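Enquirer: Dumping the structure here so I can ask a few things about it.
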Amino acid sequence: MNEQPIRTLIVSADQGLVEQILKALAPQDDFTITGIVQDLEDAIAHVQEVIPDIILVGESLEGEEERLRRLAIQAPFASVIALCPREDILCAQRALLAGARAFAPTPFSDEELCTVLREVYTVEAERRRKLGQAPTQPTQASETSEQDKVFALLSPKGGAGRSVIAANLAILLRQETDKEVLLIEAHQSVGDLDTMLNLVPTSTLADLGPDTRDVDEDLLRSILIQHASGIQVLLTPSKNDDHRLPDPSGFGRILQLAKETFDYVVIDTGPLTDPYTGVVLQHADRVLLVITPEVPSLHRAAVFLEAALENGFPPDRIQLVVNRSTARGGIGQQDIQDRLQISDPFLIPEDISLVTYSVNQGIPVALSHPKSAVTTSLFHMAQKLVNGTTQLAKTSLPAKGWSKRLPKPLRGLLSHA
């Protein structure tokens, strides 16, 4: 239990929901309700008076992203937690991109809600404590900083080579630092890392079960598979076992545990529609946005960036990766930078035959061809990530109107990414 009660501000006009929250929190000695307001505007007006630790938002967030972002800015030392319907993936993604620290699914049990609030409070308190103890002088590049140890590979369009890059990046981080590296398949669909790494999935993420509250370091390590390169791998099931997989909040606990346990964590993120994607965005220190030099890939990347930045997602956590950058007929680097307003992207040259051979053999190119141009470019990426020398230079949002050029269903999906 906390020595001081967790001060909680409730934001909801739904009296039934407020009563459920009070029923869950009121009997607990480590919670105190500092106020109940009906909407985000009221919360913004009163948040500095009540000084909460947790702001629990139980109203619809569609169209309210700007107010949620203002609330998060107005109360920088409070953790915003959004209550989202279990089946509404986009609600969770909207909340996280607009500044929420976490989300809790509804309907909820009393124990489930209390657990989520306590865990978020504990993590945030520890983060602030470490920031307060941070040295005033820069640490040496060889030391792992708290800000750059979790790297998420995300691609708005399939077929961009995200999983190949993730696997090789993890191996090169291990070679460069000789530290513990964990590679995670962070999606609920069948993955490809087992075949790419020639691994037999004797245990997978599904072995943790839907409820991960009791998972500790020993249990997590027991289901990991060690690759010959020295990295540890957490795979998704080779068959669809959604009923055994952790729910999104449970998966968030796994990511936090992984961050505390390993020196570096590389995450192979699934599609934007996957329930785990919003959780990954919350925990990643750096999002490596993987595209190819093709118009459809640029379209989707531009829409994602526009939605992310308009919803307050920190731009310095995004780094562009252009895979197959030397492809004949591909869009040039300068055109990509101009269209996305991002400078200094990572460039990975095209070598289809080499990469195809590597994937088919189950031997990552970093091991099969360590002196190839592909491996060299990935090695330079690993070095920059380790040394903290990567940066997203963004002068403005991507050009307005990109989303209007896409089919309406896709616009709706990516606008809430």
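The values are calculated or read from the model by the stated rules, or taken from the named source; none is laboratory data. Computed from a prediction, not measured in an experiment: that's the story for all the values here. We place every Cβ from the backbone using ideal geometry, glycine too, and count neighbours over all the protein chains shown. With ligands, DNA and RNA removed, areas are computed over all heavy atoms of the protein, side chains included. Shrake-Rupley method; radii C 1.70, N 1.55, O 1.52, S 1.80 Å.
Enquirer: Putting +1 on Lys and Arg Cβ atoms and -1 on Asp and Glu Cβ atoms, find which of A373, A125, A45 reaches farthest to the positive end of the dipole of the chain.
Expert: A373
Enquirer: Please work out the average accessible area per residue across the stretch 178-221, using the 1.4 Å probe convention, and give it in Å².
Expert: On the way: 2030 Å² over 44 residues.
The answer is 46 Å² per residue.
Enquirer: Related question: If contacts are Cα pairs under 8 angstrom and at least 6 residues apart, what is the relative contact order of the chain in percent? Show your work: numbers first, answer last.
Expert: Working: 783 pairs, mean separation 68.9, N = 417.
Averaging sequence separation for qualifying contacts and normalising by length gives 17 percent for the chain.
Enquirer: May I ask you to evaluate 6.51 cos²θ - 1.76 cosθ + 1.60, the Karplus curve with θ = phi - 60°, for each residue of the stretch 212-228 and list the ³J(HN,Hα) values in order in whole Hz, giving x for glycine and proline?
Expert: 9, 5, 9, 6, 10, 4, 4, 5, 4, 5, 5, 9, 7, 10, 8, 8, 4
Enquirer: With charges only on Cβ, +1 for K and R and -1 for D and E, what is the dipole size of the chain about its Cα centre, in debye, rounded to 20? Walk me through the numbers on the way to the answer.
Expert: Numbers: 38 positive and 55 negative charges, 332 e Å.
For the chain, the charge dipole is close to 1600 debye.
Enquirer: State the Cα centre-to-centre distance between the stretch 303-363 and the stretch 158-203 in whole Å.
Expert: With the stretch 303-363 and the stretch 158-203 each reduced to a Cα centre, they are spaced 18 Å.
Enquirer: How big is the Rg/Rh ratio for the stretch 177-218, C-alpha atoms only, Rh by Kirkwood, two decimals? Mind dumping the intermediate values first?
Expert: Values: Rg = 12.5 Å, Rh = 12.6 Å.
Across the stretch 177-218, the Cα-based Rg/Rh ratio is 0.99.
Enquirer: Please work out the FRET efficiency for the pair D192 and A327, using the Cβ-Cβ distance as r and a Förster radius of 22 Å; give the result to the nearest 0.05.
Expert: 0.55
Enquirer: How much solvent-accessible surface does S229 expose, in Å² to the nearest 10, with a 1.4 Å probe and all protein chains in place?
Expert: It works out to around 30 Å².
Enquirer: Between beta-carbons, use under 14 Å as the cut-off and find the net charge around S325, counting Lys and Arg +1, Asp and Glu -1. Could the numbers behind the result be given before it?
Expert: Values: positive: R324, R328; negative: E294, D335, D344, E350, D351.
Net charge around S325: -3.
Enquirer: Using a 1.4 Å probe on the protein chains only, how many percent of the accessible area of the chain belongs to carbon and sulfur? Show your work: numbers first, answer last.
Expert: Working: 8940 of 18350 Å².
Roughly 49 percent, rounded to a whole number.
Enquirer: Highest GNM mean-square fluctuation, the chain, Cα pairs closer than 10 Å: which of Q319, Q282, Q20?
Expert: Checking each option, the largest mean-square fluctuation is seen for Q20.
Enquirer: I want to verify a result. In a Gaussian network model of the chain, Cα cutoff 10 Å, which of these has the top mean-square fluctuation: A13, A43, A78?
Expert: Maximum fluctuation in the GNM of the chain, among the listed residues, is at A13.
Enquirer: Next question, about the same structure. Out of all DSSP beta bridges with both ends in the chain, state the antiparallel percent to the nearest 5. Walk me through the numbers on the way to the answer.
Expert: Working: 3 of 47 bridges.
Taking every DSSP beta bridge with both residues in the chain, the antiparallel ones total about 5 percent.
Enquirer: No other cysteine beta carbon under 4.7 Å away is the test; run it over the chain and list who passes.
Expert: C114
Enquirer: Take the Cβ-Cβ distance between Q337 and K371 as r, set R0 to 25 Å, and report the resulting FRET efficiency rounded to the nearest 0.05.
Expert: Details: r = 28 Å, r/R0 = 1.14.
About 0.30, to the nearest 0.05.
Enquirer: Springs between alpha-carbon atoms under 10 Å, Gaussian network over the chain: tell me which of S249, S372, S222 tops the mean-square fluctuations.
Expert: S222
Enquirer: Just one of (i) 62, 49, 48; (ii) 65, 52, 41; (iii) 84, 46, 42 is Cα extents along the principal axes in Å calculated from these coordinates, so which is it?
Expert: Read-out taken from this structure: (i).
Enquirer: I've got another one for you. What percent do you get for the relative contact order of the stretch 1-87 when only Cα pairs under 8 Å and 6+ apart count?
Expert: 33 percent
Enquirer: Apply the Karplus parameterisation 6.51 cos²θ - 1.76 cosθ + 1.60, with θ equal to phi minus 60°, to every residue of the stretch 321-330 and state each ³J(HN,Hα) to the nearest whole Hz, in sequence, with x for glycine and proline.
Expert: Along the stretch 321-330, the couplings run 10, 9, 8, 6, 5, 9, 4, 5, x, x Hz.
Enquirer: Kindly provide the helix-only [θ] at 222 nm of the chain, computed as the sum of -39,500 (n - 2.57) over DSSP H runs of four or more divided by all residues, to the nearest 500 deg cm²/dmol? Write down the numbers at each step before the final one.
Expert: Details: 16 runs with 171 residues, N = 417.
Only helices count here, giving -12500 deg cm²/dmol.
Enquirer: Within the stretch 167-202, list the residues whose amide N lies under 19 Å from a label point set 7 Å along Cα→Cβ of K239.
Expert: In the stretch 167-202, the label zone of K239 (backbone N under 19 Å from the point 7 Å along Cα→Cβ) covers 188-195, 200-202.
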